[in-house]
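The values are calculated or read from the model by the stated rules, or taken from the named source; none is laboratory data. Everything quoted here is computed from the prediction, not taken from an experiment. Cβ sites come from the backbone with ideal geometry, for glycine too, and all protein chains shown count toward neighbours. Areas reflect the complete protein model, heavy atoms only, side chains present, ligands, DNA and RNA absent. Shrake-Rupley method; radii C 1.70, N 1.55, O 1.52, S 1.80 Å.
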Amino acid sequence: MGTTDDPCIAVQGLVLRRFAAVGGAAEPAHVIRPHVAGADDAAVTVLAARVAAASAAAGPRPRTAGLLAELRGRPGRSVSSWLAWPRGADGSCDTAAAGLVTLVEARDRGNASRWSIGWLLVRPDARRRGLGRALVAPAVGHARAAGADAVWTETSAAWPAATFWRAVGFEPAGRATEVVCSRPPCGGEAPEA
């Protein structure tokens, strides 16, 4: 399970309860601002393509249609998102986004909220410079300001992101794992996410 030939991987839930662990220091080489639906869709599409091309077997590959749909939310789920834009020498923003984070608020039937980071994408050439942490900070801050006592995410120990999430302060949320498949294990077509 989890090899390049196997469409399934074990994913574990992680939870952040100590919000201060994330920090909030801005990453000076980038401007982080809320995603603007419609206006930023082309930048998200390019970012997703760059990340997908570099992902190979190192983690999930974002599918543009699924990612853009996720940004719009759906009944019972609202999504907030932020983009990171490289800052030019003159202080202007580059036209190609360097990163994206999504924060999902899902409400249960009793109207209780569960907050989770659905996507964190960082362009390969912008990784290992503090940008991931800088993107997670406003998402966690938004959840905290809305009254969240925890923020969740999911990853696999097989993905490089697992080390990142632990460094930011996320901890395993129990021993349970879920098996996620990118296509049906016995062949056939997986739905476009």
Going by the conditions given, is Arg133 among the charged types (D, E, K, R) and surrounded by fewer than 16 Cβ atoms within 10 Å (Cβ to Cβ)? no
Between a first residue in segment 140-153 that is closer than 14 Å to Phe170 by Cβ and in contact (Cβ under 8 Å) with a residue 12 or more places away in the chain and a second residue that is of a type in the set (Lys, Arg) and outside any strand (DSSP E or B), which pairs have beta carbons less than 9 Å apart while being 6 or more apart in sequence or on different chains? Ala150/Arg17; Val151/Arg17; Val151/Arg144
Here is a list of conditions, (1) open to solvent by 60 Å² or more (accessible area, probe 1.4 Å); (2) assigned to a strand (DSSP E or B); (3) among the acidic types (Asp, Glu), and Glu105 meets all of them except one; can you say which number that is? (1)
State the number of residues belonging to segment 1-18 that are outside any strand (DSSP E or B) and either touching a His at 6+ places or on another chain (Cβ under 7 Å) or at pLDDT below 75 (or both). 7
Single residue of Gly66, Gly23, Gly38 found to be in a helix (DSSP H, G or I) and modelled with pLDDT under 90: Gly66
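Residue by residue, here is whether (1) open to solvent by less than 70 Å² (accessible area, probe 1.4 Å); (2) within 17 Å of the chain's Cα centre (by Cα); (3) at pLDDT below 90 holds:
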{"residue": "Val122", "(1), (2), (3)": "yes, yes, no"}
{"residue": "Arg128", "(1), (2), (3)": "no, yes, yes"}
{"residue": "Ala137", "(1), (2), (3)": "yes, yes, no"}
{"residue": "His142", "(1), (2), (3)": "no, yes, no"}
{"residue": "Trp159", "(1), (2), (3)": "yes, yes, yes"}
{"residue": "Ala176", "(1), (2), (3)": "no, no, yes"}
{"residue": "Gly187", "(1), (2), (3)": "yes, no, yes"}
When residues of segment 144-156 are limited to those that are open to solvent by less than 20 Å² (accessible area, probe 1.4 Å) and not in a strand (DSSP E or B), the one modelled with the lowest pLDDT: Ser156
Residues of segment 108-143 satisfying the condition of being assigned to a loop (DSSP other than H, G, I, E, B) and either charged (D, E, K, R) or at positive phi (or both): Asp108, Arg109, Asn111, Arg123, Arg127, Arg128, Arg129, Gly130
Filter result (surrounded by 14 or more Cβ atoms within 10 Å (Cβ to Cβ) and among the basic types (Lys, Arg)) within segment 108-120: Arg114
If you scan segment 26-35, which residues turn out to be modelled with pLDDT of 90 or more and open to solvent by 60 Å² or more (accessible area, probe 1.4 Å)? Arg33, Pro34
